[in-house]
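The values are calculated or read from the model by the stated rules, or taken from the named source; none is laboratory data. Model, not experiment: these values are computed from the prediction. In this analysis, Cβ positions are derived from the backbone assuming ideal geometry, glycine residues included, and neighbour counts consider all displayed protein chains.
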Amino acid sequence: MIKNIIKVGIADAGTVSPPDTIRTSGLGSCVGVVLYDSRSQKAGLLHVMLPDSSLARSGDINPAKFADTGIPHLIDQLNLPPSRLKAKIAGGAQMFQFAGQKDTMRIGPRNVDAVKEALSQYKIKIVSEDTGGSSGRTIEFDPVSASLHIRTVNVGEKVI
């Protein structure tokens with residue numbers, strides 16, 4: 001059986017079934033959200049860029065770009081009841097520090113909060129997370145083991 005790695009870009013979402021895994025890179029202030037169902041071994045990955053679709057500049061938005069529209073978008077793609085899904089999240093780093101920094105510049109922490117809020121609306125439990133800090137991450141999820149492999153720049157690797 002050939003195993004493929006499905007790649008998800010920035011402001012993008014995708015789904016996977018075994019034996020394939022799913023990966024995204026470039027998680028700085030962005031948050032990677034994995035939704036998975038252990039029974040069917042289906043999983044989805046969302047690469048959230050911004051917390052709230054009200055930040056969109058036009059009416060025609062990319063739903064995967066925002067936490068509030070991306071979570072329901074990914075649930076629709078998985079075509080599974082939210083009650084069967086669990087979540088793992090990573091990213092949301094504070095990549096830049098500025099003197100007298102305004103809240104609007106805290107994109108990483110705001111993304112994490114928005115993802116948690118969206119997941120709670122669907123009563124999806126976050127099983128584990130690796131968020132915050134000041135370094136970028138690459139994540140890869142294996143739907144068979146339900147393990148999320150995280151590589152953090154200048155920190156190392158871990159599995160949650």
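Filtered by the rule that a residue be exposed (fewer than 15 other Cβ atoms within 10 Å of the Cβ) and either of a type in the set (Gly, Ala, Ser) or closer than 22 Å to Asp20 by Cβ (or both), the range 106-126 gives a lone residue, Ser120. Note on the range 41-95: residues that are of a type in the set (Gly, Ala, Ser) and surrounded by fewer than 17 Cβ atoms within 10 Å (Cβ to Cβ) total 6.
Counted as qualifying within the range 1-48 are the strands (runs of 3 or more DSSP E) with 2 or more residues that are touching a Cys at 6+ places or on another chain (Cβ under 7 Å), namely 42-48.
Taking strands (runs of 3 or more DSSP E) as the structural unit, those lying wholly within the range 91-160 and holding at least 2 residues that are in contact with a Gly (Cβ under 7 Å, 6 or more places away or on another chain) and either basic (Lys, Arg) or at pLDDT 95 or above (or both) correspond to 137-142.
The one condition from (1) more than 18 Å from Ile107 (Cα to Cα); (2) surrounded by fewer than 20 Cβ atoms within 10 Å (Cβ to Cβ) that Asp12 does not meet is (1).
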